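Just below is one structure, and these are the notes that go with it.
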Amino acid sequence: MEATAQPLPDPARDRAKPLLRTLVLCDLVDSTALVHKLGDLAATHLIRRHDRFARALLQVHDGHEIDKTDGFLLMFDRPIQAVAFALDYQRNLHQFNLQEGSELKARVGIHVGDVLLWDNGEEEIANGAKPVDIEGLAKPVTSRLASLARPGQILLSGITWSLAHRAQGELTEPVDKIRWRAHGRYRFKGVPEPIPVFEVGEEGLAPFKTPPWSGKAHREVPFWRRPSVLVFEALLIALAIIMPVYMMLRSPPAIAFASRDWVVVGDFQNHTDQAIFDDSLQVAFRIGLEQSRYVNILSDLKVRDTVMRMKRDPNATPIDRAIGSEVALRDGARALILPSIAEIGGRVRVTAEVVDPKTQTTVYSESADGVGADSVLPSVDKVNRQLRERLGEAVAVISTDTKPLEKATTSNLDALRAYSLAVAEDSKGNTKEAIPLFRQAVALDADFALARVGLGRTLLLTGSADAAEVTRELEQAVNMVDRLSTRDALYAQAWLANNATPRVALEKWQLMEQLYPDSTPASGGLGYFSWQAANNFGEAIRAIEKIAIATNPRRGMADYLLATLYLGQERFADADARFNDAEANGFSSRNLFHAHLFAAQRRFDQADAVLTNGKNTGIATSDADVWYTRIALTLDRGRWNDALGLLEQAQAETRTLRGGRHYELQTLEQIMKARSAPAVESKAALAAYLKQIDGASLQAPHRSFNLLMVAYLAATLDDVELAQRALAGASAFSRKGDYPYLSSLLTVVEAELLRAQGKPREAIALLEPYMDGREFYFSHQVLLDAYRAAGDDAAALKQARWLAEHRGRAYAEQFGQLALIPFNVMLSDLAWLEASTLAARAGRAEDAADARSRLLAAWPDAMSLGFVRRQLAPDEPAAQR
């Protein structure tokens, strides 16, 4: 190779680390025939010129060259970078052919997955090894995609398509030139699960044809359409006659178990005299079975909840044959599994019975023997594998997806018992009590990765440690790649990402949800981050509706989030029902969004009552969020000065809190004063606030948010120079994309700045494509102002009505933070002020009067506010305003 495009990461040589990366393989079609046609020298020169332009493109798109033994193997941090490179590469290859008179064609495959990356030593390189090696299932899948592609075709796996398609706005090419096409699910040789295959390309360059079948890949199609079936048509006709006879004569299956059906695991019965087995084997058995993507296990927490609904004490009720069968029937589980351990003839035997809950009879059982305590975990492994196979899971999948329990947990039974007790406390809701038990498990076995995941998760949920300790525990767990099952490794990475950037967290939860569609944590994480980090209410509802069901032990939490999401889509009746479900299912909270539901409908007495009944978390930084709701409810009644008074109290109480709440409250105060105070006074206050932010020790996301809002407010006051100064301090960090709400906010602020610079048409051109349902609520106000500045009052009036009619969205939007909810609510009320003045300018007196009456109904004292009077009564003498 001549050169690599970018310096590669520098992982420790002695241990490869798993990294989630995007791989690309570019393979020239018929390169051997090209050499035969042109000769060695001419073909070499042509290919070298091709390589130079490809490497130049690699630098543009921040990629890394890994190998060029059999085509270019490349690596990118993000799927959208890989897609941008591939599109650019095919376009440039077309131009290259026109210039050179050549006919080169390339196949491209792109896939996202975990890879292991390491540096080879000097001695290995001297013996012919590459400086850097990369391995992992993602590599052969990428190769299979490239080999499947037609000449000129770019093929992507399903997860790559999902992540890249949602980020297609980052492509430099106009989106209308890019086409995405689904080609169905393909089975690749050596890969146990089928993979959805998609194509991306430009019209006129990409073939957009279904990839052909090959010996290493074939498309999943209905059985009757497969070529081999058509050859044996006569045989099938014969079978069609014979099979009904066989079906009538054969005995029925004991349990009709299907993929992703649910099971209940009963209490692990210890018939030995070894007390160490009492708690530890229960959790070990569950962990082993949970490695399956085929079998879903009802959680301990859900089992306890069902036992309580049976009017029994979950702490004193054993999950035996009778109780376990009733739990299974109540929760729709297909089978009950009863595990046990006993000493028989000097050997230790682990057994698992599969019980039909309808009859409580044992359908079949599996067992494994061993000698001594050291044989127990391997025996549990063997029994779990046998169970999964008997239930219908493919042997190849079991082998691929399963790690021995001594690897997936620990060989130290004392550590396993401490972990089991921690899990038991957590399932009872005693999360803080679980922390010392998790710590004990880690102390007994420092390499017990799953215990570190539990410790990091509980520390994060309870706020019992700072971010550094949480990150340290989770990072250590993630780095123990050989001590976690595939599912647990993804789970650990997702929790670590929760403590990192929202973009990474969203991608991790999305990946886990696609691989484990029935995982409650995966769907919950995806739903929450789709709402909080991406403002994507539709995707969030899809994910949370999956888990707001009976088998979810934390259904009340899912109900509450789903109600909030319904509120954001103006589905008030659905939201009300779900908030009631959340309460019925035992969920308690500060009730902020439940209060927002009533406030959005102007039922303020109910909003106040619900808020008063809310329960604090005991975490000061979290409980401080109630200030945003109190301010919003006060503003929504038109009590402007009272809201300013609440802001002053809130700032005093949050001055010493960690995070950015104190500054967010100051930003909210600047928003209100920019609307109501004289322009000269507001500009001076903003300039002083900008100086204060510059001197504050704020984390980059909090600093960027407040700077962007200062830039926005300065632009609304037509102070372009101040807006540009504030924007300069935030644009680079916000544009990176790690915090989607900052990238989105940057677009809105840049549009407002364009309007302030006298370029309203450019502001409109920037905002209209941005309005895709994931935009900031207040961006509609920015678009309104741009339309008005451009003389398009009809379009401006449409935006005013959108703001007034989407009060649920105003109250439900938590795009990165809660600080803008009071601002949204203020705009939803003042939208009637905008509508009144716009209708009056258009000569529509009746519409103007109607909008004015709606404003005064919402804000009875509105005419006491000078900025309202100036718009509604512009001819009134200044001294009277």
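Count, please, the residues in region 193-213 that happen to be outside any strand (DSSP E or B), among the hydrophobic types (A, V, I, L, M, F, W, C) and either farther than 26 Å from Leu98 by Cβ or in contact (Cβ under 8 Å) with a residue 60 or more places away in the chain (or both). Walk me through how you get there before you give the answer.
Let us first name the residues in region 193-213 that are outside any strand (DSSP E or B), namely 193-194, 203-213.
Subsequent filtering for residues that are among the hydrophobic types (A, V, I, L, M, F, W, C) retains 205-206, 208, 213.
Next, from what is left, pick out any that are either farther than 26 Å from Leu98 by Cβ or in contact (Cβ under 8 Å) with a residue 60 or more places away in the chain (or both): 205-206, 213.
Looking only at that region, the number is 3.
Hey, could you check region 553-580 for residues that are over 19 Å from Gln601 (Cβ atoms) and of a type outside the set (A, V, I, L, M, F, W, C) and say which is most open to solvent (accessible area, probe 1.4 Å)? Outline the logic, then answer.
Initially, region 553-580 is screened for residues over 19 Å from Gln601 (Cβ atoms), giving 553-559, 561.
Pick out the ones that are also of a type outside the set (A, V, I, L, M, F, W, C) and you get 553-556, 559.
Values: Pro553: 38, Arg554: 96, Arg555: 66, Gly556: 4, Asp559: 0 Å².
Among residues in region 553-580 that are over 19 Å from Gln601 (Cβ atoms) and of a type outside the set (A, V, I, L, M, F, W, C), the one most open to solvent (accessible area, probe 1.4 Å) is Arg554.
Sort out which residues of region 694-722 are polar (S, T, N, Q) and either open to solvent by 10 Å² or more (accessible area, probe 1.4 Å) or within 19 Å of Gly758 (Cα to Cα) (or both), and write them in order of number.
To start, the set of residues in region 694-722 that are polar (S, T, N, Q) comprises 697, 699, 704, 706, 716.
Passing the criteria: Ser697, Gln699, Thr716.
Look through region 125-148, keep the residues that are farther than 16 Å from Asp67 by Cα and open to solvent by 70 Å² or more (accessible area, probe 1.4 Å), and return whichever of them is modelled with the highest pLDDT.
Restricting to residues being farther than 16 Å from Asp67 by Cα and open to solvent by 70 Å² or more (accessible area, probe 1.4 Å), the top hit is Ser147.
Is it true that Arg91 is at pLDDT 90 or above, open to solvent by 80 Å² or more (accessible area, probe 1.4 Å), over 26 Å from Gly136 (Cβ atoms) and in contact with an Asp or Glu (Cβ under 8 Å, 6 or more places away or on another chain)? Spell out the reasoning first.
Values: at pLDDT 90 or above: yes; open to solvent by 80 Å² or more (accessible area, probe 1.4 Å): no; over 26 Å from Gly136 (Cβ atoms): yes; in contact with an Asp or Glu (Cβ under 8 Å, 6 or more places away or on another chain): yes.
In short, no.
Just to verify a result, which residue in region 603-642, among those that are among the small types (Gly, Ala, Ser) and either assigned to a loop (DSSP other than H, G, I, E, B) or modelled with pLDDT under 95 (or both), is farthest from Ala810 (Cα to Cα)? Steps first, answer last, please.
Quick first cut of region 603-642, residues among the small types (Gly, Ala, Ser) only: 607, 609, 614, 618, 620, 622, 624, 632, 638.
Retained after the next criterion (residues that are either assigned to a loop (DSSP other than H, G, I, E, B) or modelled with pLDDT under 95 (or both)): 614, 618, 620, 622, 624, 638.
On the way: Gly614: 21, Gly618: 27, Ala620: 25, Ser622: 21, Ala624: 20, Gly638: 16 Å.
Step by step, filter region 603-642, then rank; the result is Gly618.
Of everything in region 541-552, what is more than 22 Å from Val263 (Cβ to Cβ) and crowded, with 20+ Cβ neighbours inside 10 Å? Give them in sequence order.
Ile541, Ala543, Ile544
Within region 809-816, identify whether any single residue is open to solvent by 30 Å² or more (accessible area, probe 1.4 Å) and either of a type in the set (Ser, Thr, Tyr) or farther than 18 Å from Leu708 by Cα (or both), and answer yes or no.
Scanning region 809-816 turns up no residue that is open to solvent by 30 Å² or more (accessible area, probe 1.4 Å) and either of a type in the set (Ser, Thr, Tyr) or farther than 18 Å from Leu708 by Cα (or both).
Quick check on region 247-283: of everything there that is modelled with pLDDT under 60 and loosely packed, with under 10 Cβ neighbours inside 10 Å, which residue is nearest to the chain's Cα centre (by Cα)?
The residue in question is Ala256.
Pick out the one residue from Glu103, Glu65 that is farther than 21 Å from Glu170 by Cβ, open to solvent by less than 20 Å² (accessible area, probe 1.4 Å) and outside any helix (DSSP H, G or I).
Details: Glu103 fails: open to solvent by less than 20 Å² (accessible area, probe 1.4 Å).
Only one candidate qualifies: Glu65.
Quick one: which residue in Arg661, Arg655, Arg590 is touching a His at 6+ places or on another chain (Cβ under 8 Å) and open to solvent by 10 Å² or more (accessible area, probe 1.4 Å)?
Working: Arg661 fails: touching a His at 6+ places or on another chain (Cβ under 8 Å); Arg590 fails: touching a His at 6+ places or on another chain (Cβ under 8 Å).
Unique residue meeting the criteria: Arg655.
Take region 76-95 and flag every residue that is touching a residue at least 60 places away in the same chain (Cβ under 8 Å), assigned to a helix (DSSP H, G or I) and not aliphatic (A, V, I, L, M).
Residues of region 76-95 that are touching a residue at least 60 places away in the same chain (Cβ under 8 Å), as a first pass: 78-80, 82-87, 89-91, 94.
Now restrict to residues that are assigned to a helix (DSSP H, G or I): 79-80, 82-87, 89-91, 94.
Pro79, Phe85, Tyr89, Gln90, Arg91, His94 - these are the residues of region 76-95 that are touching a residue at least 60 places away in the same chain (Cβ under 8 Å), assigned to a helix (DSSP H, G or I) and not aliphatic (A, V, I, L, M).
Checking Arg187 against (1) open to solvent by 50 Å² or more (accessible area, probe 1.4 Å); (2) at pLDDT below 85; (3) not in a helix (DSSP H, G or I): exactly one of these is not met. Which one?
Going through the list (1) open to solvent by 50 Å² or more (accessible area, probe 1.4 Å); (2) at pLDDT below 85; (3) not in a helix (DSSP H, G or I), Arg187 breaks only (2).
Which numbered condition in (1) assigned to a helix (DSSP H, G or I); (2) touching a helix residue (DSSP H, G or I) at 6+ places or on another chain (Cβ under 7 Å); (3) of a type outside the set (Asp, Glu) is the only one that Pro378 fails?
Among (1) assigned to a helix (DSSP H, G or I); (2) touching a helix residue (DSSP H, G or I) at 6+ places or on another chain (Cβ under 7 Å); (3) of a type outside the set (Asp, Glu), the lone unmet condition for Pro378 is (2).
Scan region 291-304 and tell me whether some residue there is hydrophobic (A, V, I, L, M, F, W, C), open to solvent by less than 20 Å² (accessible area, probe 1.4 Å) and modelled with pLDDT under 80.
Within region 291-304 (the criterion being hydrophobic (A, V, I, L, M, F, W, C), open to solvent by less than 20 Å² (accessible area, probe 1.4 Å) and modelled with pLDDT under 80), the answer is yes, since at least one residue qualifies.
The values are calculated or read from the model by the stated rules, or taken from the named source; none is laboratory data. The model shown is predicted, which means the values in this text are computed figures rather than measured ones. Neighbour counts are summed over all protein chains in view; Cβ atoms, including those assigned to glycine, are modelled from backbone coordinates with ideal geometry. Ligands, DNA and RNA are excluded from the accessible area calculation, which covers all protein heavy atoms including side chains. Shrake-Rupley method; radii C 1.70, N 1.55, O 1.52, S 1.80 Å.
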